[in-house]
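The values are calculated or read from the model by the stated rules, or taken from the named source; none is laboratory data. For clarity, every value in this text was computed on a predicted model and none was experimentally measured. Counting neighbours? That spans all protein chains shown, and the Cβs are built from the backbone with ideal geometry, glycine included. Ligands, DNA and RNA are excluded from the accessible area calculation, which covers all protein heavy atoms including side chains. Shrake-Rupley method; radii C 1.70, N 1.55, O 1.52, S 1.80 Å.
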Amino acid sequence: MTFNNQTVLSVTTLAVFAVLGHWGFWSEGVFALGFNTTAFWVGFGALLWVNNPSLSWKKDWVWLVPLALMALSFSLFENPWLKVISCVVLPISAGTFYAYSQLINAQQSFWGLQLVRALLKRCLTPMRHISAAFHFCRGRVAFVAFQQDHNLNKRIFTGLGLLAPLALLVLILLGSADDNFAELTVNAFTNFFGALNLTMIAKVLCIFIMCVLLFAGLYAWKTKFEFTEEKVVISLDDVVVGIVMGGVLVIYCLFLWLQLDYLLIGSLPENFTATEKIVKSGFWQLFFLTILNTGLFFAVYKNTGAAAQVILRVFIVASGLLLLSAAWRMGLYVYWYGFSYEKYFASYTSLFALLVFIYLLAASFSKTRKDVFKFIAFAALWSYSVATVTPVERIIFNSNVALSQLSDSRVGLYELRQMSADIVGDVKSLVSDDNLAGRLSATEVQNWTSWIYNQERKHCGRAWYESNVSLLSACP
């Protein structure tokens with residue numbers, strides 16, 4: 001494993017910045033992720049860009065832009081809920097789509113389980129080069145520290161490794177023979193370890209580990225690769241498929257008919273538990289039927305005769321009807337009780353699922369086979385990335401304020417106190433607006449004022465690089 005001096009300097013600089021700039025994570029959690037995280041991903045993206053000369057905005061913008069939006073979101077908003085998700089989604093998405101950009105026959109490869117498995121396997125390739133990257137980093141450290149080749153470093157560490165257990169044994173034996181020597185030894189060890197800056201040692205160790213991971217990744221993703229799909233012949237009998245799909249469709253339609261009493265209900269029960277049961281049952285249906293319908297679509301799509309394809313289209317339409325029903329009930333739920341994280345993203349997911357089913361229906365009418373899995377993957381990437389740069393908490397809060405002014409509203413504004421400093425400015429406006437604050441009790445106004453004070457005290461003193469645009473505008 002070899003890298004030029006410019007790459008070594010870039011990786012080392014990025015590792016130092018990543019560790020020192022994010023050290024507050026151990027105390028602040030995801031609230032320590034702000035401008036620093038965006039800068040890290042920009043630096044890491046620049047390394048990957050140089051590592052893969054075939055990348056170009058013209059060809060790869062369709063996945064580069066959403067990844068850039070996700071990275072930018074850390075600098076825009078405080079939203080801790082989305083930050084936690086992005087800490088998982090962003091690395092996985094970056095690795096998967098970067099691997100796809102290195103696929104030689106990408107344009108000829110249909111997205112499916114085999115391709116996704118190959119991309120994920122490519123993402124994990126750096127794990128095979130951890131040992132080589134460790135030895136490379138150790139050699140560079142030895143060269144800088146001793147201005148010698150790595151053989152001297154190896155000999156020094158070998159000597160220290162042999163000395164440590166032998167010295168410990170000798171000290172124990174001598175200490176047991178002489179109490180004064182034992183006391184002297186204990187005091188020496190206490191003073192030595194007390195003088196050590198364990199935090200600094202931990203930072204240096206983390207920087208070294210980060211360098212190892214970055215070098216392993218750059219080395220593993222240095223070259224392109226080719227994916228060869230194993231031809232799987234799917235032999236489906238039109239009669240069997242027709243009976244299965246038709247039977248399921250009949251059950252589906254019967255279920256829809258029996259649910260007509262509250263599929264398009266105009267109001268919800270006064271009892272919150274009853275309301276929650278009606279709405280969440282629809283979303284369980286959404287969850288399981290989406291999986292079932294998508295799986296059946298992939299199994300039957302363009303693998304059977306015309307009759308089965310017609311049944312498949314009707315099946316998708318029936319699925320869409322139930323999705324519309326669930327979306328309608330969620331809309332009523334929001335109208336009466338307001339938004340929350342769960343209800344906002346449940347509504348957002350419903351809209352995404354409806355768009356997917358519309359695409360599936362259009363694909364079923366196409367004469368040529370559409371790359372459905374690829375469309376869903378890229379649509380999900382764009383859908384989530386747009387959500388990350390949307391002021392979600394402000395939308396939730398301001399929507400609930402507007403809904404709470406309705407005469408028959410059941411919205412409780414103070415239930416939103418679990419939100420972050422993103423809504424500090426809006427809460428200040430609410431409390432200072434006589435028309436709006438007049439609808440709040442004195443206790444609620446006092447509670448919100450206390451909430452503002454606690455948010456500013458907790459978050460406004462953070463380091464600038466751990467901050468974001470929303471927090472800077474919220475802090476006095």
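Charge tally for Ser470 (other residues, Cβ to Cβ under 15 Å; Lys, Arg +1; Asp, Glu -1): -1.
How large is the accessible surface per residue of the stretch 48-128, computed with a 1.4 Å probe and reported in Å² as a whole number? Mind dumping the intermediate values first?
Values: 3930 Å² over 81 residues.
On a per-residue basis, 49 Å².
Judged by the ratio a/c of the largest to the smallest principal axis of the C-alpha gyration tensor, the stretch 342-397 counts as prolate, that ratio being 1.5 or greater while a/b is larger than b/c.
Spacing of the modelled spin labels on Lys224 and Leu47, each 7 Å from Cα toward Cβ, amounts to 2.4 nm. Here the spin labels are modelled as points 7 Å beyond Cα on the Cα-Cβ line, and at Val88 and Leu254 they lie 3.8 nm apart. Computed from backbone phi, the HN-Hα couplings of the stretch 243-250 come to 5, 5, 5, x, x, 5, 5, 4 Hz, rounded to whole numbers (Karplus: 6.51 cos²θ - 1.76 cosθ + 1.60, θ = phi - 60°; Gly and Pro given as x).
Compared with the direct C-alpha span, the chain from Arg410 to Val204 gains 68.8 nm at full extension, assuming 0.36 nm per residue.
Annotation: extensible slack from Arg128 through Arg313 equals 62.0 nm (criterion: 0.36 nm per residue apart, minus Cα-Cα distance). Between Leu416, Pro391, Phe375, the Cα set farthest toward the positive side of the dipole of the stretch 348-476 (charges on each charged residue's Cβ, about the Cα centre) is that of Phe375. Of the peptides 205-218, 408-421, the order by per-residue mean of other Cβ atoms within 10 Å, starting with the highest, comes out as 205-218, 408-421.
Stretched out straight at 0.36 nm per residue, the stretch from Ala106 to Thr7 would grow longer than its current Cα-Cα span by 32.8 nm. Each label point was placed 7 Å from the Cα along the Cα-to-Cβ direction; for Trp26 and Ser366 their separation is 5.1 nm. Packing, taken as the mean count of other beta carbons within 10 Å per residue, orders the peptides 464-470, 31-37, 445-451 from highest to lowest as 31-37, 464-470, 445-451. Shown in residue order for the stretch 309-322 are the 3J(HN,Hα) couplings computed by the Karplus curve 6.51 cos²θ - 1.76 cosθ + 1.60 at θ = phi - 60°: 5, 5, 4, 4, 4, 5, 4, 5, 4, 4, 5, x, 5, 5 Hz (x for Gly and Pro). Other residues within the sphere of radius under 14 Å centred on the Cβ of Phe208, judged by their own Cβ, net out at +3 (K and R +1, D and E -1).
Using a ≥ b ≥ c from the Cα gyration tensor of the stretch 1-103 (square roots of the eigenvalues), is it rounded, prolate or oblate, where a/c under 1.5 gives rounded and otherwise the larger of a/b and b/c decides, a/b for prolate?
It comes out oblate by the Cα gyration axes.
Would you work out which of Phe35, Met210, Val50 lies farthest towards the positive end of the dipole of the stretch 1-232, given +1 charges on the beta-carbon of Lys and Arg and -1 on that of Asp and Glu, about the Cα centre? Checked the options; the winner is Val50. The residue list Phe3, Pro80, Ile104 was ranked by how far each Cα lies along the charge dipole of the stretch 1-133 toward its positive end, using unit charges on Cβ atoms, and Ile104 comes out on top. The charge dipole of the stretch 311-451, taken about its Cα centre with unit charges on the Cβ of Lys, Arg, Asp and Glu (plus for the first two, minus for the last two), comes to roughly 860 debye. Rounded to the nearest 20, the Cβ-based charge dipole of the stretch 393-474 about its Cα centre (Lys and Arg +1, Asp and Glu -1) stands at 180 debye.
Each residue of the stretch 400-405 was assigned a 3J(HN,Hα) from its phi angle through the Karplus curve 6.51 cos²θ - 1.76 cosθ + 1.60 (θ = phi - 60°); the sequence is 5, 4, 5, 5, 5, 7 Hz, with glycine and proline shown as x.
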